[in-house]
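Read the structure below first, then the notes.
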Amino acid sequence: MGTVFDGLDAAGLRGAVKVVHPAQADDAEFRARFRREVQLSARVQGPCLVPLIAADGEALSPWLATAYASGLTLDRYVAAHGHSDRHARMDQS
């Protein structure tokens, strides 16, 4: 879908910036879904949600910026803790 970058704003606050991959940026249907994601992200809040800071769904390369959430990347988490068997348990129920 794209690449997530670690960034700093002018005040030195850390954030995550997701930039859409060019192949998806050329897809009108994908852009519509991305704009909906941005609109919904701007409206919802909660203790387990990372707040949206800014976004531009109309840019040549659409992007969104969120507050930084510290933690392991997915590949490092899996390397440290192994794969989840959640889906296997769900299939057995």
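The values are calculated or read from the model by the stated rules, or taken from the named source; none is laboratory data. Here the structure is a predicted model, which means the values were calculated and not measured. As a convention, Cβ positions derive from the backbone with ideal geometry for all residues, glycine included, and neighbour counts pool all protein chains shown. Side chains are part of the model used for accessible areas, which takes the heavy atoms of the whole protein and leaves out ligands, DNA and RNA. Shrake-Rupley method; radii C 1.70, N 1.55, O 1.52, S 1.80 Å.
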Just one of Glu29, Glu58, Glu37 is open to solvent by 60 Å² or more (accessible area, probe 1.4 Å), under 14 Å from the mean Cα position of the chain (by Cα) and not small (Gly, Ala, Ser); which is it?
Glu37
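Condition check ((1) part of a helix (DSSP H, G or I); (2) farther than 20 Å from Val20 by Cβ; (3) modelled with pLDDT under 90) across all residues:
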residue	(1), (2), (3)
Arg31	yes, no, no
Phe34	yes, no, no
Gln39	yes, no, no
Ala42	yes, no, no
Gly46	no, yes, no
Val50	no, no, no
Ser61	no, no, no
Ala65	no, no, no
Ser70	no, yes, yes
Kindly indicate whether any position in segment 1-11 is open to solvent by 90 Å² or more (accessible area, probe 1.4 Å) and part of a helix (DSSP H, G or I).
no
